[in-house]
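Laboratory data are not the source of any read-out in this text; all were calculated from the coordinates shown. Worth saying up front: this structure is predicted, and the values here are computed from it rather than measured. Here the Cβ positions follow ideal geometry from the backbone for every residue, glycine too, while neighbour counts run over all protein chains shown.
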Amino acid sequence: MSSSTFSFLLIFARLSAALVAVLVLIWALYFKSSFIHHSPNNFIYSVLHPLLMVFGFIILSGEAILVHRSMPGSRNMKKLVHLGMQGVALAFGIFGIWTKFHGENGVFANFYSLHSWMGVFCVSLFGIEWVMGFLSFWHRGEVRRVRMKVLPWHIFVGLYTYGMAIATAETGLLEKLTFIQTKKNLPRRSSESIVVNGLGLGLALLGGIVIFATVSPKQGHYTTRPTKAI
């Protein structure tokens, strides 16, 4: 992949992230009736959940994954920025789950669906991955050979967790849309349904672009040493 093609791919990733951000803002702030519950406090927590999970746990995490491919500078600086952004994304994810569980019926009231189970598993795996990444790549006493052995697993688990975050968001959108269509008689072809479906497609597009940009080698990234003349 040439550098110009890779730059275009990064721009496409940022445009997809911007589209996702706009759609989730429209859904959470314009269609307020879908998030109204028994009290104003629950409305705030209900709106915060999709905003925190999409902005922090998906968009910011995706940018952190692309740091090693898009950011100029030394390797240590890239690792520092990557670790910091992933730490912020983890904090968003934990707080996002807390807002969802902060209801009148207790912590476990919402822990019954596939979306909730996948969300807890995804954030837990993300937290373990972040701690392991910190210990593996920032522990000064670590042997370089051990780091090289851990690196492929770090990349695999990171991309797996990011893909699972996208899938978890998709199940959440389906669960929420099904609920408001059945409980509140929302028409299937309403403007809100179009926004939610568009958000789901945008998330799928964003996840595919980020993963593709991560695993695709840039031109000149792998070079061979010139042979000596005999």
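For the reader, a short list of remarks on this structure follows.
- Sum of side-chain charges, residue 164 neighbourhood, beta-carbon under 12 Å (Lys, Arg +1; Asp, Glu -1): -2
- Inter-label distance for residue 215 and residue 18, nm, one decimal - labels placed 7 Å from Cα along Cα-to-Cβ: 2.8
- Among the listed pairs 78/149; 32/100; 100/184; 79/149, no Cα-Cα separation exceeding 28 Å is found.
- Extension gain, residue 68-residue 2: 0.36 nm per intervening residue step, less the Cα-Cα distance, totals 22.1 nm.
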